[in-house]
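S.K.: Following this message is one structure expressed as structure tokens.
The values are calculated or read from the model by the stated rules, or taken from the named source; none is laboratory data. Being a predicted model, the structure only gives us computed values, none of them experimental. Cβ placement follows ideal geometry from the backbone for every residue including glycine, while neighbour counts extend to all protein chains displayed. Quick note on the areas: whole protein, heavy atoms, side chains included, nothing else; ligands and nucleic acids left out. Shrake-Rupley method; radii C 1.70, N 1.55, O 1.52, S 1.80 Å.
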Amino acid sequence: MTCHPPRAKTHRTPRPTLLARLKRALYRGEQASPTTLMRAINRLDALLYASNLLSPRRAATLEVTGRRSGRRLSLPVAVTHLSGERYLVSMLGENTNWVRNVRAAHGHAILRSGGAEPVTLHEIPVDERAPVIRRYLAIAPGARPHIPVDPRAPLAEFERVAHRHPVFRIASREDRPPSPTP
């Protein structure tokens, strides 16, 4: 009888399941824009998450002013907690409207989960994103089809894709009205 040494455990990107392929199909094109069905689902989720009724523990609604329309837009998000800080991750990457709107608004937004919290979102550098993205995949299983890394993979695998997924640190702020000009 021959003994074989144990195989080294490798972390390969899992083959997408039918459900994962369906979730990816709900967003189309380079702009990663949601289909009509996904827009409706996102609206319903945003309402539920903002009210904090029937919503997952880390779910919230992000409200940001549209860079072209000037209207307040709402979308459901998963808030990632790591080392005492809160973060938002763009599972769909750079070309999403919410990322562009946050950048155009200089990070000013409202985070809702039961109540309204004025926040400033600070984009973190690419070299600091990997641990946050790994934690995000652990708490947001719906994002897994969009970020091609096994959630249990070593940090180096997350560093490889970090440049594709913007990450914003959430900082509370007081919404102060502009001071009158004399």
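S.K.: Name the residues in region 66-117 that are β-branched (Val, Ile, Thr) and within 17 Å of Ile133 (Cα to Cα), would you?
M.R.: So the first thing to find is which residues in region 66-117 are β-branched (Val, Ile, Thr), and the list is 77, 79-80, 89, 96, 99, 102, 110.
Across region 66-117, the qualifying residues are Val77, Val79, Thr80, Val89, Thr96, Val99.
S.K.: Which is in a loop (DSSP other than H, G, I, E, B) and either surrounded by 14 or more Cβ atoms within 10 Å (Cβ to Cβ) or under 11 Å from the mean Cα position of the chain (by Cα) (or both), of Gly70, Gly93, Gly114? It would help to see each step written out before you state the result.
M.R.: Values: Gly70 fails: either surrounded by 14 or more Cβ atoms within 10 Å (Cβ to Cβ) or under 11 Å from the mean Cα position of the chain (by Cα) (or both); Gly114 fails: either surrounded by 14 or more Cβ atoms within 10 Å (Cβ to Cβ) or under 11 Å from the mean Cα position of the chain (by Cα) (or both).
After applying the criteria, what remains is Gly93.
S.K.: Could you run through region 117-151 and say how many residues are in contact with a Ser or Thr (Cβ under 7 Å, 6 or more places away or on another chain), modelled with pLDDT under 95 and in a helix (DSSP H, G or I)?
M.R.: 1
S.K.: I've got another one for you. Out of Ile124, Ile147, Ile133, which single residue is closer than 18 Å to Leu75 by Cβ, open to solvent by less than 30 Å² (accessible area, probe 1.4 Å) and in contact (Cβ under 8 Å) with a residue 40 or more places away in the chain?
M.R.: Going through Ile124, Ile147, Ile133 in turn, just one is closer than 18 Å to Leu75 by Cβ, open to solvent by less than 30 Å² (accessible area, probe 1.4 Å) and in contact (Cβ under 8 Å) with a residue 40 or more places away in the chain: Ile147.
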